[in-house]
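To start, the structure under review is shown below, and the notes come after it.
The values are calculated or read from the model by the stated rules, or taken from the named source; none is laboratory data. In this text the structure is predicted, and so the values were computed from the model without any measurement. Reconstructed Cβ throughout: ideal geometry from the backbone, glycine too, with neighbour counts over all protein chains shown.
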Ligand SMILES: O=C(O)CCC(=O)C(=O)O
């Protein structure tokens, strides 16, 4: 990786420290351009329109071997991946008590005083540890959030012990157990998604590296913010990997999803269902499905009254495999939108250097090729 990835370009300021300093106005590095501010346009949920929400899908049929239920569920997953790129899942097979334990362990970490966390300060080379920015541009915009990033799988890529917080003592054990169960859920979802596109159910998993697929955990902490209308906890982005499984805060909303076909600024605030996960399609599924399934932009808003915690598990392809649309999904009528295969290792350097930039990376892959506009193919 390039030299600029060795060190941050300037001293890292913890958002928690800014929040706790008692400032009435946030520093200008956190102020977003007017069009990106949460207040730019009302969101459908501000209007209490409950009809506009990401789908909630019951995965019970998967575990119960209920064939009829599976067909219904598979259709619901396919529709959600086409229309929203996002859905919530219930009866997903991950124990609710483990979900709560993982969230509470990380809440405990973020509530420690800043000096106790500094020993885990991360670097852009691997991002592992305690971080407060993504992207290495000096003087670049910042988001209103701190995070902790770790590799959970495969075993060979797991973050070494020095990166794991020892306080709370339970952090490592609970995160590893949580990781195993959520990775199992990702594997089940991959089968459903693959089959729902008419492919063999193992097709996606194999193309993404089989048992060598990777998984990373990003625990997000968004402190209270005195001017939430001017900033974002996380700027709009799509996720570079295969799938993301998000455990949202049980009390505080914050995730917003860009509505497909919506005009700029048309964001839907997700209302998490108790004990559910929020699942979203990553860029690699959009590529592999030749854009039948969508990786959709999302962002996080913050608020003045309450801090917020979330845990994102990113399920990723093996880093060195060239990823291109499945040949079964490329036809004369629907040529490949991504004819130049790219490995995930190459792909994520862009994000790590540039930070969250909407869908610029994925669109750039298309723009480089002479292909029909996506709306001509839908
Ligand atoms: O905190 C959230 O709700 C979303 C987090 C997210 O999008 C991410 O970590 O990439």
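Some observations on this one:
- The set of residues in segment 191-224 that are in a loop (DSSP other than H, G, I, E, B), touching a residue at least 60 places away in the same chain (Cβ under 8 Å) and more than 14 Å from the ligand (Cβ to nearest atom) comprises 197, 198, 199, 208, 209, 213, 224.
- In segment 234-326, counting only strands (runs of 3 or more DSSP E) that sit wholly within it, the ones holding 2 or more residues that are closer than 29 Å to residue 26 by Cα and within 13 Å of the ligand (Cβ to nearest atom) span 234-237, 243-247, 255-258, 267-269, 298-300, 308-316.
- Only one of 200, 239 that is out of contact with any helix residue (DSSP H, G or I) (no Cβ under 6 Å at 6 or more places or on another chain) and surrounded by fewer than 22 Cβ atoms within 10 Å (Cβ to Cβ): 200
- Residues satisfying the stated conditions in segment 334-343, i.e. without any contact (Cβ under 8 Å) to a residue 40 or more places away in the chain and farther than 16 Å from residue 208 by Cα: 335, 339, 340
- Of the set (1) closer than 22 Å to residue 295 by Cα; (2) in contact (Cβ under 8 Å) with a residue 40 or more places away in the chain; (3) touching a strand residue (DSSP E or B) at 6+ places or on another chain (Cβ under 7 Å), all apply to residue 74 but (3).
- Residues of segment 74-99 classified as closer than 17 Å to residue 175 by Cβ, over 19 Å from the mean Cα position of the chain (by Cα) and not in a loop (DSSP other than H, G, I, E, B), total: 3
- Residues considered: 116, 102. Of these, the only one that is in contact (Cβ under 8 Å) with a residue 12 or more places away in the chain, in contact with a helix residue (DSSP H, G or I) (Cβ under 8 Å, 6 or more places away or on another chain) and in a helix (DSSP H, G or I) is 102.
- Some residue of segment 43-65 being at pLDDT 95 or above, out of contact with any helix residue (DSSP H, G or I) (no Cβ under 8 Å at 6 or more places or on another chain) and outside any helix (DSSP H, G or I): yes
- Of everything listed in (1) touching a residue at least 40 places away in the same chain (Cβ under 8 Å); (2) within 16 Å of the ligand (Cβ to nearest atom); (3) out of contact with any strand residue (DSSP E or B) (no Cβ under 6 Å at 6 or more places or on another chain), the single unmet condition for residue 360 is (1).
- Pairing each residue of segment 269-280 that is without any contact (Cβ under 8 Å) to a residue 60 or more places away in the chain with any residue that is in a strand (DSSP E or B), provided the two are 6+ apart or on different chains, yields C-beta distances under 9 Å for 274/90.
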